[in-house]
Every structure is written in C-alpha cells, then in structure tokens.
2 protein chains.
Amino acid sequence: MELVRRTIERYVHLADEEWALVLPCWERFNFERGSLVSTSGEVEDRFYIVEEGVQRLFVEHDGSEHCLGFSYGHSWSGDYDSFVRQAPGRFVVQALTPSVLLGIRHLDLMRLYGTIPAMERWGRLILEELLVGRATREIEQIALTAEERYKRLVDRSPHLLQQVSQKDIASYLRMTPETFSRLRAKVG
Amino acid sequence: MELVRRTIERYVHLADEEWALVLPCWERFNFERGSLVSTSGEVEDRFYIVEEGVQRLFVEHDGSEHCLGFSYGHSWSGDYDSFVRQAPGRFVVQALTPSVLLGIRHLDLMRLYGTIPAMERWGRLILEELLVGRATREIEQIALTAEERYKRLVDRSPHLLQQVSQKDIASYLRMTPETFSRLRAKVG
DNA sequence: CCTACTTCTTGATCTGGATCAAGGGCGTGT
DNA sequence: ACACGCCCTTGATCCAGATCAAGAAGTAGG
C-alpha cells in the first residue's frame with residue numbers, strides 16, 4: 001500500500017499513528033481487460049486509486065454508450081457519483097486494460113473522516129480536483145467544434161491515443177468513430 | 001446572517017463559540033439586475049449563499065455565451081471553479097434579477113477549515129453536492145436530444161420558465177432561441 | 001496457422017438543429 | 001406617454017456531423 005501513502009501525502013500530512021489507521025482500510029483489486037469495476041444501477045461501495053491500467057467511465061442511453069472520462073496512472077477511479085450519493089449508479093466503469101486498483105470502502109472512509117481531520121481535508125481536496133476536472137471538460141464540450149476538441153486532445157493527452165481505442169476516444173470527444181477517423185486523416 | 005446559520009446547519013452542527021467565529025466572516029452584497037457577480041479572467045475571492053434573486057453562470061467563447069447553470073433560492077452562487085483553484089476565472093456570473101448574496105472570502109474560509117473541523121466537513125459536503133449536480137447535467141447533455149432536454153426542464157424546473165428569459169434557458173439547454181421557441185410551440 | 005470478430009478507413013447520403021431574415025409585441029427608461 | 005431596443009416567433013435555407021454502407025487491416029482465440 002505504498003502507493004496509497006504516496007498518493008495521500010501529496011495532499012495532507014498524517015502522523016504515524018494516523019497512517020496506522022488509514023492504510024489497513026485499503027485493499028488491492030485486480031480487474032481483467034473488459035471487466036466492470038462499477039455497474040450502473042448498483043451502489044458504489046468503493047473509491048479507488050489506480051495502481052495499474054486504464055479504465056473508462058461511461059453512461060448508457062438507448063443502447064449506446066457515451067464516454068465521460070478515463071482514469072489511469074495514480075489517479076482516481078470508480079463511480080464517484082454513486083459513491084458520494086450512496087445511491088444506485090448512473091455510470092459504468094470498465095477496465096480497458098488489465099488493472100490493479102486500490103480501494104477503500106465508503107463506511108471506512110466515513111469513519112476516517114470522523115476520526116482524522118486531515119483525512120476529511122483530503123476528501124475535500126479530491127472533490128475539488130474532480131469538480132475542476134468536470135468544469136474543464138464542460139467548457140470544452142460546450143464551446144468547441146469537433147475539430148477543436150480533437151486537436152485539444154492530441155495536444156494535451158497524446159498518451160491516450162496510445163492506450164485507448166479510437167472508438168472510445170471518439171465517444172469521449174462526443175463524435176462518431178467515422179468523424180474521428182476523418183479528422184485524424186485531415187489534421188494529423 | 002440568520003440565513004447563513006440556517007444554511008450551514010442543514011449540513012453540520014456547530015457549537016456557539018464556533019458560530020461566533022463563523023458568522024462574522026459573512027458579508028451581505030447587493031447586485032443590480034444585469035451586474036456581474038464574477039468576471040472571467042479575475043480570481044474569485046468569494047463564495048456566496050443566495051438570499052434573493054436569480055443568477056446565471058456562463059462561459060464566453062468567440063463572442064457567444066454558453067449558460068452552464070442558474071443559482072437562486074438559498075443555494076450557492078459565484079464562480080466555484082475559480083474560487084477553488086484560486087486562479088483566473090473561466091466563467092462569468094451575472095445577476096439576472098436584483099440579487100442579495102451572502103459571501104465569505106477565500107482566506108477566511110480556509111482559516112475556518114483549519115480551526116473548525118465541522119466547517120471542513122461542510123466544505124466537503126458542498127463540493128459533493130456541486131459535483132453530483134454537474135454529473136447530472138453532463139448525463140442529460142450527453143444522452144438527450146434537444147426535445148428531450150426541453151421536456152425534462154419543463155418537468156423538473158418549471159419555475160425557471162417564470163424567472164428566466166427564454167434565450168437564457170435555450171442557452172442552458174444547448175440550443176438556439178429559435179429552436180427553443182419551436183419546441184415550445186410543438187411540445188407545449 | 002487459420003478463422004472470426006472487432007476496429008479503422010473511406011465514400012455517399014441524410015438530417016437535427018443552426019443560421020439568416022423579417023415582423024410583431026412587450027418592457028423599460030426618459 | 002412614447003420610443004427605442006430587446007425578446008420572441010415563424011419561415012427559408014444551410015451545414016457539421018451522423019448514419020448507412022462496404023472494404024481492409026488488425027488481433028485474439030482455438
């Protein structure tokens with residue numbers, strides 16, 4: 001659980017006796033390629049740190065899937081929406097590559113929030129990060145054309161093109177795979 | 001500042017001596033119809049509770065405005081994105097009707113977070129609420145057609161139709177005023 | 001190594017909603 | 001009270017991107 005410690009330390013400082021309470025709450029989970037981390041309709045019981053792999057977050061509607069984001073590399077994963085509401089999930093989270101996630105149960109996290117103020121601060125800071133991330137995406141979705149969204153992704157997240165299929169990236173950018181392919185040919 | 005107390009009490013319980021620290025941090029501000037609560041490019045220094053009036057949150061891009069939300073009735077207002085990043089704002093907040101907002105400065109809120117754990121919890125809970133709200137909107141934007149978005153608004157937020165101009169609602173629903181008007185004629 | 005499936009590409013066509021245009025009505029400030 | 005400006009409506013046209021279609025190229029499992 002060294003990654004848990006390093007990840008939390010980026011936000012708050014904990015005393016040794018606090019680490020002794022925090023670290024045992026985290027468990028390691030393996031997900032194979034294609035398996036579901038969170039299912040829509042079920043209450044998400046865990047919040048995850050990504051140790052390995054790439055996952056996608058999407059909604060289903062009328063049989064089609066709309067990708068809202070990816071998670072990877074020492075960041076967060078899971079259906080945060082269902083996790084904070086503790087109500088049935090509206091999102092699905094799927095492992096796109098074999099993944100190792102470190103998860104904490106909702107009950108345990110709430111208990112830590114109550115006993116360790118620095119952990120509640122960590123929770124607040126994570127939420128700030130998630131909220132700012134969603135705001136950024138919303139601005140891009142709202143104001144940019146398909147071509148501009150494509151260009152911005154190529155500039156800012158070139159690693160995604162390596163790790164994720166074009167159809168998933170296309171869905172994330174709110175366009176069809178055909179449109180994505182044509183932009184690739186046109187823009188480069 | 002009775003509204004501040006009632007609003008915070010919906011989330012956490014504070015002792016009298018804690019209220020004595022919290023309440024003096026809040027100030028009342030009046031905004032006239034059309035005036036700006038937050039400007040893009042400037043760092044938002046305050047987070048607000050709405051005592052009176054309706055405000056809209058929007059982004060500008062290439063000279064056109066895209067509305068992301070409205071605030072009213074004892075909920076939150078201000079550019080939360082700039083406020084949490086403490087970086088230049090990407091949004092504009094404008095009073096659509098004469099408004100009375102109760103605001104707290106960023107510095108004061110951070111100080112309260114440090115001295116009163118319950119206030120940090122309040123901060124976390126507010127962020128959860130904001131995040132879930134954005135997730136809800138994102139799902140609706142992504143998966144629904146213009147007509148479905150219109151119907152859902154009429155069902156779920158009929159009060160907005162009373163208080164806000166059709167062109168602002170149209171922008172919020174990601175359509176032109178013309179499309180909105182046609183849907184109104186068609187759907188009712 | 002082969003077979004079957006999925007992904008990516010490229011072309012042709014279609015369409016939801018935008019844009020352009022113009023008239024009428026309502027509010028608001030003087 | 002009046003006039004000016006914004007808001008709303010309705011019609012005509014346009015276009016970015018979706019959909020439909022059909023190969024080609026990977027790639028995973030037997």
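The values are calculated or read from the model by the stated rules, or taken from the named source; none is laboratory data. It should be emphasised that the depicted structure is a prediction, and the values quoted were computed from it without experimental measurement. Positions of Cβ are generated from backbone atoms using ideal geometry, with glycine treated the same way; all protein chains shown enter the neighbour counts.
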*Check on residue B:95, aliphatic (A, V, I, L, M) and within 16 Å of DNA strand C (Cβ to nearest atom)*: yes
*If you check B:73, B:89, which single one turns out to be in the same structural domain as residue B:10 (by TED's automatic domain parsing) and farther than 14 Å from residue B:164 by Cβ?*
B:89
*On the given criteria, is residue A:112 under 17 Å from residue A:67 (Cα atoms) and either away from DNA strand D (no atom under 13 Å from the Cβ) or at pLDDT 95 or above (or both)?*
no
*Answer yes or no: is there a residue in the stretch B:62-79 that is closer than 22 Å to residue B:25 by Cβ, at pLDDT 95 or above and either assigned to a helix (DSSP H, G or I) or facing another protein chain (nearest Cβ under 9 Å) (or both).*
no
*The lone exception for residue B:34 - which of (1) more than 14 Å from chain A (Cβ to nearest Cβ); (2) at positive phi; (3) at pLDDT 95 or above it fails*: (3)
*asked:* So, in the stretch A:141-183, exactly how many residues are part of a helix (DSSP H, G or I), within 23 Å of residue A:94 (Cβ to Cβ) and within 14 Å of chain B (Cβ to nearest Cβ)?
replied: 5
*How many of the residues in the stretch B:26-61 are assigned to a strand (DSSP E or B), farther than 27 Å from residue A:144 by Cα and of a type in the set (Lys, Arg)?*
2
*Name, by its number, the condition in (1) surrounded by fewer than 19 Cβ atoms within 10 Å (Cβ to Cβ); (2) in contact with a Leu (Cβ under 9 Å, 6 or more places away or on another chain); (3) free of Cβ contacts under 8 Å to residues at least 40 places away in the same chain; (4) within 13 Å of chain A (Cβ to nearest Cβ) that does not hold for residue B:110.*
(2)
*Using the structure shown, decide if residue A:124 is crowded, with 16+ Cβ neighbours inside 10 Å, part of a loop (DSSP other than H, G, I, E, B) and within 10 Å of chain B (Cβ to nearest Cβ).*
no
*asked:* Every residue in the stretch A:80-107 that is within 9 Å of another protein chain (Cβ to nearest Cβ) and basic (Lys, Arg), please.
replied: A:85, A:90
*Which numbered condition residue A:80 fails, given (1) over 20 Å from the mean Cα position of the chain (by Cα); (2) within 23 Å of residue A:32 (Cβ to Cβ)*: (1)
*Just checking, how many residues over the stretch A:138-164 are within 12 Å of DNA strand D (Cβ to nearest atom), touching a residue at least 24 places away in the same chain (Cβ under 8 Å) and not acidic (Asp, Glu)?*
5
*Quick one: which residue in B:92, B:100 is under 16 Å from the mean Cα position of the chain (by Cα) and either within 21 Å of residue B:138 (Cβ to Cβ) or within 16 Å of DNA strand D (Cβ to nearest atom) (or both)?*
B:92
